[in-house]
1. State the volume of the convex hull built on the alpha-carbon positions of segment 65-173, expressed per residue in Å³ and rounded to an integer.
2. Hey, rough spin-label estimate for LYS302 and LYS289, points 7 angstrom out along Cα→Cβ, what's it come to in nanometres?
3. Of ILE374, ASN350, LEU140, which is farthest towards the positive pole of the chain's charge dipole, taken about the Cα centre with +1 and -1 on the beta-carbons of Lys, Arg and Asp, Glu respectively?
4. Ignoring any ligand, DNA or RNA, what whole percent of the accessible area of the chain comes from carbon and sulfur when the probe is 1.4 angstrom?
5. Taking only protein heavy atoms and a 1.4 Å probe, what accessible area per residue, in Å², does segment 184-398 have with all protein chains in place?
6. Considering only segment 27-136, what is the antiparallel percent among its DSSP beta bridges, to the nearest 5?
7. Rounded to the nearest 500, what is the 222 nm mean residue ellipticity of the chain from helices alone, with -39500 (n - 2.57) per DSSP H run of 4+ residues and division by all residues?
8. Taking a quarter of the surface of the convex hull around the Cα atoms of segment 249-337, what do you get in nm²?
Amino acid sequence: MLKGKKILLGVTGSIAAYKAATLVRLLVKQGAEVKVLMSDGAQDFITPLTLSTLSKNPVYHQFVLNNQGEWTNHVELAMWADCLLIAPTTANTIAKMAHGICDNLLLATYFSAKCVTLVAPAMDLDMYAHGSTQNNLTTLKSYGNIVLPVANGELASGLIGAGRMIEPEEIISFLQTHLVTNQALKNKKVLVTAGPTYESIDPVRFIGNHSSGKMGFAIAEEFARHGADVTLISGPTDLTTNNPKIKRIDVTSADDMFEKTLKAFSKSEIAVMSAAVADYTPEKVSITKIKKSGDELHLKLKKTKDILAELGKHKTKKQTLVGFALETNNEVANAKQKLQKKNLDFIVLNSLRSKGAGFGFDTNKITIIDKLGIQTEYKLKSKTEVALDIVQKIIAMKHV
Ligand code: CTP
């Protein structure tokens with residue numbers, strides 16, 4: 001399945017570097033053309049000769065003149081590749097990638113690359129769990145990189161936990177997903193909503209909710225990775241996106257989101273509404289700060305417009321409309337009702353009763369129910385993997 005694909009494999013200094021030999025062998029067996037870049041540290045764990053023999057290509061690690069007197073050019077290497085796969089990736093390299101530190105050939109190639117980059121972290125459990133590493137991984141994702149999960153198990157230190165590099169076979173499977181399906185939605189116009197809405201009470205207070213926007217941002221990134229032109233309409237969130245295929249429009253209130261979303265919908269072929277839109281907003285917004293007085297304060301709220309239901313009314317046969325349902329009880333029945341009432345092609349149900357699912361988590365557990373009544377339950381996955389399931393469902397439905 002990787003026949004003819006040009007894979008640049010970056011290897012950094014982790015004990016998991018020994019698995020790079022298997023990785024190269026599997027890639028070559030799949031028909032890929034492989035070139036290997038090594039950091040200095042990687043060479044303490046596996047020799048360039050091994051990887052050069054298996055890849056049938058020279059191994060690059062320094063900015064040096066080769067035997068023909070040519071300069072090893074990181075830009076040329078970056079342009080050659082269909083994919084840069086860094087496996088294993090140490091905490092040190094992850095930190096440098098996140099912060100623009102470019103002190104070896106592998107990093108210079110990464111910063112020059114326009115192709116998709118997959119990062120397979122490998123480190124001890126506490127290094128992986130450290131806030132700094134986790135923040136760096138989030139930063140890498142926001143730059144459009146694909147961060148692969150780590151495996152649980154015995155680590156080189158003897159400790160047991162999460163941090164091992166996933167097996168070469170699993171890495172190949174991720175690679176296939178991201179490279180082979182990559183352009184299935186090329187130039188399709190896609191609209192995604194994400195995050196919470198804030199409904200002002202007065203100049204200093206608002207009614208909001210706990211949505212982080214992570215699910216919607218992951219969906220937008222996944223569409224972009226499949227070649228789509230994405231408009232992402234987001235409520236207030238700290239998340240960033242730097243993918244050039246994503247045009248981001250920031251909004252604050254439900255009303256604001258309604259207006260911008262409706263406008264963008266007419267030009268969209270696919271719309272996925274994952275925002276947690278406020279259902280009610282203060283009837284009146286005080287222009288001055290409400291002063292403390294009395295023991296109770298009563299706020300009168302009015303209903304907001306249901307954006308998704310409105311899109312459902314305007315939807316044409318050529319458009320695909322997907323909604324979310326966040327439920328705490330009677331999950332399937334409620335989701336089915338929303339699917340029908342809002343005229344959706346399918347609904348993504350997540351229950352707050354599922355462990356690891358919901359606001360703020362990096363994971364989610366979903367059930368997709370489509371308009372034909374087909375119900376598919378997925379296991380607990382990272383939000384990036386869930387986003388891929390949603391995008392693949394759309395591709396399967398549309399046969400695009
Ligand atoms: N939604 C919307 N506009 C609203 C409310 C919800 O577009 N004013 C969308 C959400 O983005 C989501 C879907 O509708 O895709 C379902 O949202 P949810 O909050 O689960 O359901 P509601 O329709 O608001 O119903 P309820 O709160 O009663 O469960």
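The values are calculated or read from the model by the stated rules, or taken from the named source; none is laboratory data. What you see is a predicted model; the values in this text were computed from it and never measured. When we count neighbours, we look across all protein chains shown, and the Cβ atoms used for this are built from the backbone with ideal geometry, even at glycine. These area figures cover heavy atoms from the full protein model, side chains too; ligands, DNA and RNA do not enter into them. Shrake-Rupley method; radii C 1.70, N 1.55, O 1.52, S 1.80 Å.
1. Measuring per residue, one finds 121 Å³ for the Cα hull of segment 65-173.
2. About 2.7 nm separates the two model spin labels.
3. ILE374
4. Roughly 52 percent, rounded to a whole number.
5. Using a 1.4 Å probe on heavy atoms only, each residue of segment 184-398 averages 52 Å².
6. Of those bridges, close to 10 percent are antiparallel.
7. On the way: 13 runs with 131 residues, N = 400.
One gets -9500 deg cm²/dmol as the mean residue ellipticity at 222 nm.
8. Taking a quarter of the hull surface, the average projection is 8.5 nm².
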